[in-house]
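Asker: Here you go, one structure.
No value in this document is a laboratory result; all are computed from the given coordinates. Please read these numbers as outputs of a predicted model, since none were measured by experiment. Glycine also receives a Cβ, built like all others from the backbone with ideal geometry; neighbour counts cover every protein chain displayed.
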Amino acid sequence: MVINLWYVFFLFLAVLILLSALGVVFLKNPVYSALSLLANLCITAVVYLALMGSPFIAMLQIIVYAGAIMVFFLFVLMLMNLKKGEYEDRMAPWRFLFGLGAVVLFVIQVVVLGGEWKGWVKGGTHGVSIGEISHLIFTRYILVFELVSVLIFVAALGAVALAKKKL
Amino acid sequence: MGVGLFQYTVLSVLVFLLGALGLMVRKNTIVMFLCLELMLNGVNILFMALSRHMGNAEGQVIVLFVMAVAAAEAAIGMAVITTFYRNRGGVDVGRAHLMKW
């Protein structure tokens, strides 16, 4: 029986994604939940990059989700100090596991991106090129694209208007 | 035995279901928002898998729009939660009982 190496890699990443999703749901401390979601999004970006062959969406996932949205969540979480003294001793073994997972992910990224197995990576995937994506955005979905920009503008204004005490 | 559409579908459904479970189980409003993002992420995985399976880029364009809408939703949600925290003194959903029947 031949075991495909891609399949093993996919299974490993899928298990990590599911474990971090479980962490979002079941960790007691909200900050740990947020960091677990951050790990989930980063591992999903690894799946997009290495298994689906679309580096553009992977980069966007890192920048938009991990860079912008998670900063929102962590900022608001740390703005309101919730339930002090609940997270000293209970989560001690989990911290070790997450550290181990971070080390393993780092090794994977070094191996995948490190150039040594580059042909191996490219041999397994053929993705959609970034040119096709941009062509679709600026021809067929141009109206949606502009509407999304308006939506984000209105959302930013509305967030300021909602969060301000007195306008 | 390769990685096909089936495996990605199972993965995305599991992530989506975990997000829905967290939305129902947790009481902290911010963690509920995190679970909402988890559900969006599961949908994104399915869009990407289908886009790759069918070989066209429309799924990836939609993933782009889902990310933009998630960013807008996070901004509005955090503003609402900040106001809620200021008015109610906490972010527990049990404190939102003004319209409870």
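Asker: Would you compute, for the Cα atoms of chain B, the largest minus smallest coordinate along each principal axis and list the three values in descending order, in whole Å?
Answerer: Taking the Cα atoms of chain B, the three principal extents are 53, 25, 21 Å.
Asker: If you count, for every residue in B:36-48, the Cβ atoms of partner chains within 10 Å of its Cβ, what is the mean?
Answerer: Whole-number average of other-chain Cβ neighbours for B:36-48 is 4.
Asker: List the relative contact order of the range B:1-58 as a percent without decimals, with contacts defined as Cα pairs under 8 Å and 6+ residues apart.
Answerer: RCO, the range B:1-58: 41 percent.
Asker: Using just the helices of chain B, give the 222 nm mean residue ellipticity in deg cm²/dmol: DSSP H runs with n ≥ 4 each add -39,500 (n - 2.57), and the total is spread over all residues, rounded to 500.
Answerer: Here the helix-only value at 222 nm equals -27500 deg cm²/dmol.
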